[in-house]
Structures are given as structure tokens and as C-alpha cells.
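The values are calculated or read from the model by the stated rules, or taken from the named source; none is laboratory data. Since this is a predicted model, take the numbers as computed values, not measurements. Cβ placement follows ideal geometry from the backbone for every residue including glycine, while neighbour counts extend to all protein chains displayed.
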């Protein structure tokens, strides 16, 4: 077709002819994983919708007109928790037709993994608190699916990327590292196989130091190699 034969339409006529398409809301949901006392947890808040009365949900909100997608995720995190020093990574879009009782809402999920001890919550509205991922009931909306999807991606990423070391002290033992992996993966790991796999990745630097003041046998101390630190 020649360029002169191409029928063009304006953005306004496109909107008028597809008015229902432009009445779909978009939201963001933040899945904030935390590590504390050898346990993986997630940050939840009580839902403020009557339809989900008494149920917990992830941290989320509709995107405002004129607001960028990523900016909305950080706004939600700041407004709900007071935290503004957490890196969020986009994971997946969820768009089941009836996922929201108010109408058609497509949500974009973000997740992060933080050390609870170094990220003190500044707010506590609507019973905002940390919950063990092993003790969760049914969540509002489709948030159980969103949480499961983000957890799956986290578990896949830690196999090949050194993203968990900010949850450990600067100096740590292989025992501490294995406990962290077990908490995230939700399984017990064979000590010998785990240490062999970690050794092959080449992530660690042997500090030629030993743990001190422990009731159990001390282990050697390691740190993440400088070139891998962010």
C-alpha cells in the first residue's frame, strides 16, 4: 500500500472508538521480602476494602494520572512503610478480569529483598507488619498468586546471582550463608553439596579468620569479593 493510501486516525478518534479500552485501571503491588532470625518474611498490611475485611494484602495502590510506573511503586512503598532506601525490581503483570472487585485493574508486581534489622518501618497503619511466609493465610485479591510468583523468581535468581549477601554481616560463615539459602528456598540443604556449589561460583573471599565467642564449633569467615559488591 502506498503511503498516500494509508488511512490515519487521531488519538482522539482512537479513544472514542475504543472507550472501554481506556477505562482500565493500572496498579502496582510491592512484595517486600525480609530476612530475620533465620526466617524469610514478607511485609503485609490489613486490607481497607470491605470485600476483604480482616484479610491481609501486599502493599499496593492505583497509579495516579501522570505518574510513571516505577515512580508509583516507590511512592507506594514510602506511603505505606516510610521506607525510601529500598531497591524495587519489576517482576510480572497480573490481569485476570475479576481480580479486583471495583472493576478491571491490571497490576504490576515489584519485589525486593531486605535485611529487616537494617530497615526499620517508619509507619504501622492498618497493622503493617512482617509475616513468616510459612505461616500465611489466604491474602486479599490475587495477592497469594503474586507473592508465589515473586518468591519463585527470587528463588531462581539466588541460584546464579549474588543478591543475598546484603542480608549477612560483612564477615560471615558458610553456616550462616547456608541458613539464609535454606530460609529462602524453603528446604534443608546438604552441607557438603552446598559448600561445593558455593565454592564453584567463585563469589567468596576467604578472610583467614574464625568465628569468635560462640557456643558451637567456630567456622571460617568469608566475605563477598569486592568486584561483586554493589
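Of all residues in segment 183-221, count the ones that are part of a helix (DSSP H, G or I) and free of Cβ contacts under 8 Å to residues at least 60 places away in the same chain.
Total meeting the criteria: 12.
Just to be sure before I move on: is residue 170 in contact with a strand residue (DSSP E or B) (Cβ under 7 Å, 6 or more places away or on another chain), in a loop (DSSP other than H, G, I, E, B) and farther than 18 Å from residue 201 by Cα in the structure I sent?
Values: in contact with a strand residue (DSSP E or B) (Cβ under 7 Å, 6 or more places away or on another chain): yes; in a loop (DSSP other than H, G, I, E, B): yes; farther than 18 Å from residue 201 by Cα: yes.
It is true that residue 170 is in contact with a strand residue (DSSP E or B) (Cβ under 7 Å, 6 or more places away or on another chain), in a loop (DSSP other than H, G, I, E, B) and farther than 18 Å from residue 201 by Cα.
Any idea which of (1) out of contact with any strand residue (DSSP E or B) (no Cβ under 8 Å at 6 or more places or on another chain); (2) on the phi > 0 side of the Ramachandran plot is the one residue 54 doesn't satisfy?
Against the list (1) out of contact with any strand residue (DSSP E or B) (no Cβ under 8 Å at 6 or more places or on another chain); (2) on the phi > 0 side of the Ramachandran plot, residue 54 comes up short only on (1).
Looking for something modelled with pLDDT of 90 or more and in a strand (DSSP E or B) - is there at least one such residue anywhere in segment 7-25?
Start the filter on segment 7-25 by keeping residues that are modelled with pLDDT of 90 or more, which leaves 24-25.
Of the ones still in play, those that are also in a strand (DSSP E or B) are 25.
The answer is yes, given that some residue of segment 7-25 is modelled with pLDDT of 90 or more and in a strand (DSSP E or B).
Every residue in segment 108-122 that is in a loop (DSSP other than H, G, I, E, B) and either outside the structural domain of residue 35 (by TED's automatic domain parsing) or in contact with a helix residue (DSSP H, G or I) (Cβ under 6 Å, 6 or more places away or on another chain) (or both), please. Outline the logic, then answer.
So the first thing to find is which residues in segment 108-122 are in a loop (DSSP other than H, G, I, E, B), and the list is 119-122.
Within segment 108-122, just 121 meets the criteria.
Identify the single condition in (1) touching a strand residue (DSSP E or B) at 6+ places or on another chain (Cβ under 8 Å); (2) not in a strand (DSSP E or B) that residue 138 does not satisfy, given that it satisfies every other one.
(1)
Kindly indicate whether any position in segment 68-77 is within 29 Å of residue 114 (Cβ to Cβ), assigned to a strand (DSSP E or B) and touching a residue at least 40 places away in the same chain (Cβ under 8 Å). Step through it out loud before you land on a result.
Narrowing segment 68-77 to residues within 29 Å of residue 114 (Cβ to Cβ): 68-77.
Adding the requirement that they be assigned to a strand (DSSP E or B) leaves none.
The answer is no, given that none of the residues of segment 68-77 is within 29 Å of residue 114 (Cβ to Cβ), assigned to a strand (DSSP E or B) and touching a residue at least 40 places away in the same chain (Cβ under 8 Å).
Look at residue 159 and say whether it is over 30 Å from residue 51 (Cβ atoms), part of a helix (DSSP H, G or I) and modelled with pLDDT of 95 or more. If you could, list the steps in order and put the result at the bottom.
Values: over 30 Å from residue 51 (Cβ atoms): yes; part of a helix (DSSP H, G or I): yes; modelled with pLDDT of 95 or more: no.
So residue 159 does not fit the description; no.
Of all residues in segment 24-58, count the ones that are surrounded by fewer than 15 Cβ atoms within 10 Å (Cβ to Cβ) and under 21 Å from residue 99 (Cα atoms).
So the answer is 8.
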